[in-house]
Amino acid sequence: MAPMHASADPVPLALERDRTALAEGGAAAVRVLRPRRAAPADAVRPTRAEVNLANLRHNLRVLQRAIADTTPTPPQIWGVLKADAYGHGAPAVARTLERAGIAGICVALLEEAIELREAGIRIPILVMGGYYGPRRDGLEEIVARQLLPVVYDAAHIERLATMARFEGWGRLGVHVKVDTGMGRLGAGPAELPEVLSALARFPEVRMDGLMTHLACADADDLEDTADQLARFAEMERLTRAAGHSPRVRHAANSAALLRMPTSRLDMVRPGVALFGLEPRAGVAPDLRPVMRVRSEIVALRTLEVGQRIGYGHTWEAARRSVVATVPMGYADGLSRSLSNRGSALVRGARAPIAGAVSMDLTMIDVTDLPGAQVGDEVVFLGTQEGPLGREAITAAEIAELSGTIPWEVLTSISRRVPRFYREP
Ligand SMILES: *Cc1c(COP(=O)(O)O)cnc(C)c1O
């Protein structure tokens, strides 16, 4: 399938006219919270996250193929790049996807959208969190940066409309979020009439999109998801009956778009699948993980039987052992719950984590890995090939061991770990 280009995008930018005045007036009053991450050039420590941009493009193509047979037309793909693109670094990820022809981007925060505009990203950006701050500068940023705001209550609409009228901004396009069962954000059935009447009263704000979010699209049973979609259809009916005509309707995250064609509607919002993780085992085996986290052995010691190591002395040598120290700890995103449970890869084989993961350092048992030495690469997430074979540690495996989900494994890799972008 041909990639979708922003130019073919039926979703208009947030504003119809008068946008230049603000842009030139430099309304940039909101200070952006930037992740002050270690820059690759400053990295002394060998610990780093490698981000494979070719795999990112591959995953976009996998998703394009997965939806290509949707009738009557395939939906647009808007990539979800919240939380610094799930820890991969939002500017580089957005640039890659923009060049690959993705239709738009979704983020959670206004700050995240501003960071992308400052990085030169020009395709539409939807700000999903619906939070623009108590002052007017948040709304000014929406207009000056040509962002698409999500709104979910009448007060939102009134505030936007009042500003738009006062500032002469023209009509503002918004996406209205409805709650069909997630119970988090969005107008529920009881609030929808109020939102619709606010839109009727304030013609400065126009509903371009109608959206909802699915709570259980990765569950065994898709019955809850079907119920949510039915509620969404009913709310769309009420919306149209009230005289509004949203041009795009969207609901699907990665799991829904892969598993339930009826959820795709006009636009889909994949996050985790773009980064190569299956939201549920088996639904998209062609995806390729984008992030690999690696370090190196910095020290080796031989332990006699009965010697104990690490905080709390939780590991004891049951035999004469060789233990390697690696400069990656829980402050880097290697969960402390992996102490004595997780593993790492050295020379293409597995080495168990020995003792407690500490803040900056972790020990691994390399007794069974002949030839392990200082300087050897150690992989905590991803694939490694070496003289002893080929092995992989997936985010799903780490999530399972540490009692969480793969999404959290990715977003936990901290700002102390520099990201290196690979274009193989
Ligand atoms: C995070 C998020 C998504 C993407 O979810 P994935 O499961 O990562 O695909 C889509 N929509 C909303 C509203 C979200 O918050």
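The values are calculated or read from the model by the stated rules, or taken from the named source; none is laboratory data. Note that the coordinates shown come from a computational prediction; the quantities given were computed from them, not determined experimentally. Note that we place each Cβ from the backbone using ideal geometry, even for glycine, and neighbour counts take in every protein chain shown. These accessible areas exclude ligands, DNA and RNA; they are computed on the full protein's heavy atoms, side chains included. Shrake-Rupley method; radii C 1.70, N 1.55, O 1.52, S 1.80 Å.
Counting only residues that are open to solvent by less than 10 Å² (accessible area, probe 1.4 Å) and assigned to a loop (DSSP other than H, G, I, E, B), which one in region 103-122 is farthest from the ligand (Cβ to nearest atom)? Break it down into steps so the answer makes sense when it comes.
In the first step, residues of region 103-122 are kept if they are open to solvent by less than 10 Å² (accessible area, probe 1.4 Å); the result is 103-107, 110, 113-114, 116, 121.
Remaining after also requiring assigned to a loop (DSSP other than H, G, I, E, B): 103, 121.
Working: A103: 15, I121: 18 Å.
Filtering region 103-122 for residues that are open to solvent by less than 10 Å² (accessible area, probe 1.4 Å) and assigned to a loop (DSSP other than H, G, I, E, B), the one farthest from the ligand (Cβ to nearest atom) comes out as I121.
What is the number of the single condition among (1) more than 16 Å from the ligand (Cβ to nearest atom); (2) farther than 26 Å from K177 by Cβ; (3) touching a residue at least 60 places away in the same chain (Cβ under 8 Å) that P74 does not meet?
All conditions pass for P74, except number (2).
Taking the condition under 20 Å from the mean Cα position of the chain (by Cα) and more than 28 Å from R95 (Cα to Cα), does T404 pass?
On the way: under 20 Å from the mean Cα position of the chain (by Cα): yes; more than 28 Å from R95 (Cα to Cα): yes.
Here the answer is yes, as T404 does meet what is asked.
T362: surrounded by fewer than 19 Cβ atoms within 10 Å (Cβ to Cβ) and at negative phi, yes or no? Don't jump to the end; show me each part of the working.
Values: surrounded by fewer than 19 Cβ atoms within 10 Å (Cβ to Cβ): no; at negative phi: yes.
No, not satisfied.
I need the full set of residues from region 283-303 which are open to solvent by less than 60 Å² (accessible area, probe 1.4 Å) and either in a strand (DSSP E or B) or within 16 Å of the ligand (Cβ to nearest atom) (or both), in order please. Working first, answer last.
Pass one, region 283-303, residues open to solvent by less than 60 Å² (accessible area, probe 1.4 Å): 283-284, 287, 290-297, 299, 303.
Once the filter is applied, which keeps residues that are open to solvent by less than 60 Å² (accessible area, probe 1.4 Å) and either in a strand (DSSP E or B) or within 16 Å of the ligand (Cβ to nearest atom) (or both), region 283-303 yields V283, A284, L287, V290, M291, R292, V293, R294, S295, E296, A299, L303.
Could we say that G306 is without any contact (Cβ under 8 Å) to a residue 24 or more places away in the chain, surrounded by fewer than 21 Cβ atoms within 10 Å (Cβ to Cβ) and in a loop (DSSP other than H, G, I, E, B) here? Reasoning before the result, please.
Working: without any contact (Cβ under 8 Å) to a residue 24 or more places away in the chain: yes; surrounded by fewer than 21 Cβ atoms within 10 Å (Cβ to Cβ): yes; in a loop (DSSP other than H, G, I, E, B): yes.
Spelling it out, G306 is indeed without any contact (Cβ under 8 Å) to a residue 24 or more places away in the chain, surrounded by fewer than 21 Cβ atoms within 10 Å (Cβ to Cβ) and in a loop (DSSP other than H, G, I, E, B).
How many of the residues in region 227-262 are more than 16 Å from C106 (Cβ to Cβ) and within 12 Å of the ligand (Cβ to nearest atom)?
Final tally of qualifying residues: 2.
Any chance you could count how many residues in region 375-408 are in a strand (DSSP E or B) and in contact with a strand residue (DSSP E or B) (Cβ under 8 Å, 6 or more places away or on another chain)? Walk me through it before giving the result.
To start, the set of residues in region 375-408 that are in a strand (DSSP E or B) comprises 377-386, 389-393.
Among the residues that remain, those that are also in contact with a strand residue (DSSP E or B) (Cβ under 8 Å, 6 or more places away or on another chain) are: 377-384, 386, 389-393.
Adding up the residues that qualify gives 14.
Among the residues of region 365-386, which ones are within 26 Å of the chain's Cα centre (by Cα) and either of a type in the set (A, V, I, L, M, F, W, C) or under 17 Å from P352 (Cβ atoms) (or both)? I'd like the intermediate steps shown before the answer.
Start the filter on region 365-386 by keeping residues that are within 26 Å of the chain's Cα centre (by Cα), which leaves 378-384.
Scanning region 365-386 gives V378, V379, F380, L381, Q384.
I'm trying to understand the selection: among the residues of region 77-89, which are within 12 Å of L53 (Cα to Cα) and within 13 Å of the ligand (Cβ to nearest atom)? Give the derivation first.
Initial filter on region 77-89 (within 12 Å of L53 (Cα to Cα)): 88-89.
Within region 77-89, H88 is the sole residue that qualifies.
What number of residues within region 200-217 are in a strand (DSSP E or B), away from the ligand (no atom under 12 Å from the Cβ) and aliphatic (A, V, I, L, M)?
3
In this structure, is G186 on the phi > 0 side of the Ramachandran plot and open to solvent by less than 60 Å² (accessible area, probe 1.4 Å)?
Details: on the phi > 0 side of the Ramachandran plot: yes; open to solvent by less than 60 Å² (accessible area, probe 1.4 Å): yes.
Answer is yes for this residue.
Out of region 59-99, which residues are outside any helix (DSSP H, G or I), open to solvent by 10 Å² or more (accessible area, probe 1.4 Å) and in contact with a Pro (Cβ under 9 Å, 6 or more places away or on another chain)?
Taking region 59-99 and keeping what is outside any helix (DSSP H, G or I), we get 68-81, 87-89.
Now narrow it down to the ones that are open to solvent by 10 Å² or more (accessible area, probe 1.4 Å): 68-74, 76.
Hits for region 59-99 are A68, D69, T70, T71, Q76.
Applying the selection to region 170-224, what residues are of a type in the set (D, E) and in contact (Cβ under 8 Å) with a residue 60 or more places away in the chain? Working first, answer last.
Let us first name the residues in region 170-224 that are of a type in the set (D, E), namely 179, 191, 194, 204, 208, 218, 220-221, 223-224.
Answer for region 170-224, where residues must be of a type in the set (D, E) and in contact (Cβ under 8 Å) with a residue 60 or more places away in the chain: D208, D218.
Quick check, is A324 in contact with a Phe, Trp or Tyr (Cβ under 6 Å, 6 or more places away or on another chain) and open to solvent by less than 10 Å² (accessible area, probe 1.4 Å)? First the steps, then the outcome.
Numbers: in contact with a Phe, Trp or Tyr (Cβ under 6 Å, 6 or more places away or on another chain): no; open to solvent by less than 10 Å² (accessible area, probe 1.4 Å): yes.
Answer is no for this residue.
On the basis of being more than 22 Å from G371 (Cα to Cα), among the basic types (K, R) and modelled with pLDDT of 95 or more, does R301 make the cut?
Numbers: more than 22 Å from G371 (Cα to Cα): no; among the basic types (K, R): yes; modelled with pLDDT of 95 or more: yes.
No; evaluated as a whole, the condition is false for this residue.
For region 110-126, give me each residue that is in contact with an Asp or Glu (Cβ under 9 Å, 6 or more places away or on another chain), under 14 Å from V80 (Cβ atoms) and not β-branched (V, I, T).
E112, A113, P124 - these are the residues of region 110-126 that are in contact with an Asp or Glu (Cβ under 9 Å, 6 or more places away or on another chain), under 14 Å from V80 (Cβ atoms) and not β-branched (V, I, T).
Assuming A372 fulfils every condition listed in (1) open to solvent by less than 30 Å² (accessible area, probe 1.4 Å); (2) assigned to a strand (DSSP E or B) apart from one, which condition is it?
Going through (1) open to solvent by less than 30 Å² (accessible area, probe 1.4 Å); (2) assigned to a strand (DSSP E or B) one by one, A372 breaks only (2).
Residues to consider are R231, R269; find the one that is in contact (Cβ under 8 Å) with a residue 12 or more places away in the chain, open to solvent by 40 Å² or more (accessible area, probe 1.4 Å) and within 30 Å of A187 (Cα to Cα).
Answer to the selection: R231.
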